[in-house]
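The values are calculated or read from the model by the stated rules, or taken from the named source; none is laboratory data. Values in this document were obtained by computation on a predicted structure and should not be read as measured data. Virtual Cβ from ideal backbone geometry, glycine too; neighbours counted across all protein chains shown.
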Amino acid sequence: MQLKSYYESLTDGTLKFQFLTSDNYIIESCVVFFWEKSSPINICVSSQVGCECSCSFCVTGYKRFVRNLSSSEIEKQVALIFEHSPHLRQYQFEITYMGTGEPLLNKENVFSSARSFSNNYLLLTRINVSSIFPNINITPDDILTVDKPVHFQYSLHFVSDDLRLKYFRKRLVPISAVLNKLNQLHDIAGTSFCLNYILFDQINDQSQDAKALIELICGLPTYIKISKYCPISFSNLKTSSNFEKFTQVLDLGGVHWKAFESKGTDIHAACGHLLSDIQF
């Protein structure tokens, strides 16, 4: 695998790297900075060529699925990023499996690469696995063999299984089963987790949706990460204007939540925008 192209956002400094695989397919990785919070930088890596999940709010989901990436191909993304931009080596960083592809459909190679990252980068602080949870075939051993903390980000986005089926366009593990699994992994292996929730206009952004979220996470050691939707041309979904009212309901319910702003929109590096300019 080799570096093909490199882009830098003029608005927030986000970096996007395009890599060419040995069989001539393109994958993308991003480096995201959160200077205002003195946080580690975030290196977002891909786990598959294309994606088979077909989420209706993600450009990659409209591409065809080609294959899983090997552990070495996942690891090579980070090696090539540091090779191209050696100044990044001075920063603490997190690895996030949130590039192209669904990490849990390539579980063996994802956790193999996570173990390698943990062993080889002293400034690595945490491993993040972002997933829609097409399966829950994760074991405590998968996590306990990774030396760095593992944090799961459950891409929930909708509070009912029926809505998830409509917009993810793939039958997924029921929400209750995923939350039970994540809570179990928290208790046994010490993993943390959060729920990712993108607000879509008039679909999941009403007060009743916020109240359902509050009920959903009641008693769980988690928080909700609330994002504004970054529109894509393939979808009729729209950005919600109800962010403040929605989060006010969460505040009244005593829910711990964080706002998340997707970065790199000018270079198609924002959440759901990877591979915007690539056809395969």
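Find the residue count for the range 25-52, including only residues that are surrounded by 17 or more Cβ atoms within 10 Å (Cβ to Cβ) and modelled with pLDDT under 90. Residues flagged as surrounded by 17 or more Cβ atoms within 10 Å (Cβ to Cβ) and modelled with pLDDT under 90 within the range 25-52 amount to 0. Which residues, counting only those in the range 173-190, are crowded, with 19+ Cβ neighbours inside 10 Å and touching a Leu at 6+ places or on another chain (Cβ under 9 Å)? Once the filter is applied, which keeps residues that are crowded, with 19+ Cβ neighbours inside 10 Å and touching a Leu at 6+ places or on another chain (Cβ under 9 Å), the range 173-190 yields V178, L179, L182.
Residues of the range 221-266 being in contact with a His (Cβ under 9 Å, 6 or more places away or on another chain) and not small (G, A, S), which ones? Answer for the range 221-266, where residues must be in contact with a His (Cβ under 9 Å, 6 or more places away or on another chain) and not small (G, A, S): P221, T222, Y223, I224, C230, I232, L250, T265.
Checking the range 114-125 against the condition returns no match, with no residue being among the small types (G, A, S) and in contact with a Ser or Thr (Cβ under 6 Å, 6 or more places away or on another chain). For the range 121-130, check the following and say yes or no: at least one residue is under 16 Å from the mean Cα position of the chain (by Cα) and under 21 Å from I214 (Cβ atoms). The answer is no; no qualifying residue exists.
Return the residue satisfying two criteria in turn: it lies in the range 238-256 and is in contact with a strand residue (DSSP E or B) (Cβ under 8 Å, 6 or more places away or on another chain) and not in a helix (DSSP H, G or I), and of such residues it is farthest from L195 (Cα to Cα). Step by step, filter the range 238-256, then rank; the result is K238. Within the range 203-220, residues that are aromatic (F, W, Y) and in a helix (DSSP H, G or I) have Cβ atoms under 9 Å from residues that are modelled with pLDDT under 95 and buried (at least 17 other Cβ atoms within 10 Å of the Cβ) in no pair, counting only partners at least 6 apart in sequence or on another chain. Among the residues of the range 159-182, count how many are touching a Phe, Trp or Tyr at 6+ places or on another chain (Cβ under 7 Å) and assigned to a helix (DSSP H, G or I). The number of residues fulfilling the criteria is 4.
Residue count for the range 75-97 satisfying the condition of being assigned to a helix (DSSP H, G or I) and of a type in the set (S, T, N, Q): 2.
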